[in-house]
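The values are calculated or read from the model by the stated rules, or taken from the named source; none is laboratory data. Everything numeric here is computed off the predicted structure, so don't read it as measured data. Positions of Cβ are backbone-derived with ideal geometry, glycine not excepted, and every protein chain shown enters the neighbour counts. Quick note on the areas: whole protein, heavy atoms, side chains included, nothing else; ligands and nucleic acids left out. Shrake-Rupley method; radii C 1.70, N 1.55, O 1.52, S 1.80 Å.
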Amino acid sequence: MKSKILQQAIVISMVGALSLGGISIPAYAQHTPPELQQTPQQQRQQQKQQERLQRQQKNAQEQQQRQQQHLQRQQQRQAQQQQQQQQRLQQQQQRKAQQQQQRDLRQQREAQQNQQRTLQQQQRQVQQQQHQQQHLQKQQQRQAQQQQERALRQQREAQEQQQRQLRRQTREQREHQERLQQQQHRQVQQQQHQQEQLLRQQREAQERQQKQQRRQVNRQLEQQEHIQRQQNRQVREQFEQQERLQRQQNKQVQRHLKQERRLTQQAQRQVIKHHEWRMKQYRQQLEQQERLAQQRVDLLQRQKRLAHYRFQQRYLQRLREQQVRLRNSYDYDYDRDPYFYTAPDYRYYRSGRSYEINEYGADSLREAVNHGYEEGFRAGQADREDGWEADYRNSYAYQDASYGYTGYYVDQDEYQYYFREGFRRGYEDGYNSRSQYGSYANGQYNILGAILSQILNLQPIY
C-alpha cells in the first residue's frame, strides 16, 4: 500500500513539474487508474507539496532574474566606466595635442620675434650709418659755412672800422655843435624855469584857496542836507501825527454817528453768519500753511540762504503764536463787539468792484498794509545779505500773506491783497536800503501815511 502511494506521489510530482515546464501531458497519462486514486487527505497533501514546489520554483526563478539584473547592471557600469576612461583618454590626448600646438605656436612666435629683432637691429645699424653720414655731411657744410662767414666777417669788420671812423668824426662835429646849442638852450631853460616856478607858486596858492572854499561849501551843503533831512523827518512826523489826530477825531465823530446809524438785527445776523463761515475756513487753512512753511524752510536750508532762513523761522514762529490765539478764541461775544452792529463808513474799489466797510474793517486793512511793509522790508534785507537776486514774489511771506490776520472784520483774500501791496513796497525799500515808502520808528517799520491812503483809497460814505 505504501509503495503504491509513493508511486502515485512521484507521478503527480512529475506531472506538476512537466506542467510547470510548459510540457503538455497526454490524456492517457493524466488518467489514473482506480487503483491509484487517492483519498482527499492525500490529495490535499499532494496539493500542498505541489504549491511548495511551485513556490520554490518561483523563488528560484526570481533569484535567477535578480542575478541576471545584477549582472546586467554590473555590465552597464563596466561599460560606463570604460566609456569614461575612453573619454578621459581622449580628453588627455586632446589636451596634449592642444598643449603641443600651443608650444609650436609659442616657438613660431618666438622665432618670428627673433626675426623681427634681428630686422630691427639691422634697421638700427642702417639708420646709425645714415646718421653718421648725415652728421659728417653737416660737419663739412658747417665748416664751409664757417669759413665763408669768417671771410664775410673780416670784410664787414673792415667796413665797420671805416664807418666807425667816419661816424666818430661826424659825432665829434655834431657833439661840438650840440654842446654849443645846449649851452644856449640851458640858458633859455633856466629863464623859463624861473618863470614856471613863479607861475606854479601862484597856481598852488590859488588851488589851495579854491580847495578851502570847496571844503567850506561842501560842509555847508552837508549841514544843510542834514538840517533838511531832519526837517523832512519832523514834517513827516508832524504830518503823521496830524493824520493820527484827524483819524481819532474822525473815529470820535463816526462813533457819535454810529450810535445813530446801526445795522438791523437781520443784517447783524448775516454779518455774524458770514464771520463764522470765515473763521471756519481760516482754521482749515492754518494746517496747510504750517506744512507749506516747513517745506519752504527746508528749501532755504538746501539753498544756504541763512539770512532768509532766519527771517522765515521768525515768520513761522509768529504764525504759530497767531494760531494759538485763534484756537483760544471760541465762544466769542458778538454783542460786545461794535463791528457786528456798526453800519459801513467807507467805500473802496478793487479790481473794478466797489466794497463797503466800517471803521473796524478799515483798521484791519491798514494793519494788513503795515504788517506787509514790515515783513517785506525784513525779507528784502535778508535777500540782500544772502546776495540773492531781488524777487519779492519768491518769498513765502508774500505767498502766504496771512501774518496779523485774526479772521475778524475782513475776508482773508482782502487782507492778503493789501498785505502784499505793503510787502512789495517794503521789500523794495529793504533790498535797496532806502526809505521811499516808509520809515523806522520805535523798533518797527511803518508805511508812510500818504502811501497808505493812496493804497487803500477809502472814501467816506457820508
Residue that is surrounded by the fewest Cβ atoms within 10 Å (Cβ to Cβ) [pool: residues in the range 407-462 that are farther than 15 Å from Ala368 by Cα and of a type in the set (Gly, Ala, Ser)]: Gly443
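Considering only the range 375-396, how many residues are acidic (Asp, Glu) and surrounded by fewer than 22 Cβ atoms within 10 Å (Cβ to Cβ)?
Step one: list which residues in the range 375-396 are acidic (Asp, Glu), which gives 375, 383, 385-386, 389, 391.
Now narrow it down to the ones that are surrounded by fewer than 22 Cβ atoms within 10 Å (Cβ to Cβ): 385-386, 389, 391.
The total comes to 4.
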All positions within the range 381-392 that are within 22 Å of Leu452 (Cα to Cα) and either at pLDDT 95 or above or in contact with a Lys or Arg (Cβ under 9 Å, 6 or more places away or on another chain) (or both): Tyr392
Within the range 357-373, tally of residues that are within 41 Å of the chain's Cα centre (by Cα) and in contact (Cβ under 8 Å) with a residue 40 or more places away in the chain: 7
Residue in the range 402-417 that is more than 25 Å from Leu292 (Cβ to Cβ) and of a type in the set (A, V, I, L, M, F, W, C) present: no
Of the criteria (1) out of contact with any His (no Cβ under 9 Å at 6 or more places or on another chain); (2) open to solvent by less than 40 Å² (accessible area, probe 1.4 Å), which one Gln399 fails: (2)
Selection status of Gly404, modelled with pLDDT of 90 or more and either open to solvent by 10 Å² or more (accessible area, probe 1.4 Å) or within 18 Å of Tyr315 (Cα to Cα) (or both): no
Within the range 107-138, tally of residues that are of a type in the set (Lys, Arg) and open to solvent by less than 100 Å² (accessible area, probe 1.4 Å): 0
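Suppose we filter the range 434-462 for residues that are polar (S, T, N, Q) and closer than 19 Å to Gln416 by Cα; how many remain? Can you show your working first?
Initial filter on the range 434-462 (polar (S, T, N, Q)): 435-436, 439, 442, 444, 446, 453-454, 457, 459.
Applying the additional criterion that residues be closer than 19 Å to Gln416 by Cα yields 446, 453-454, 457.
Selection size over the range 434-462: 4.
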Pair list, Cβ under 6 Å, 6 or more apart: the range 375-395 residue aromatic (Phe, Trp, Tyr), other residue in a helix (DSSP H, G or I): Phe377/Gly426; Phe377/Asp429; Phe377/Gly430; Tyr392/Tyr398; Tyr392/Arg424; Tyr392/Tyr427
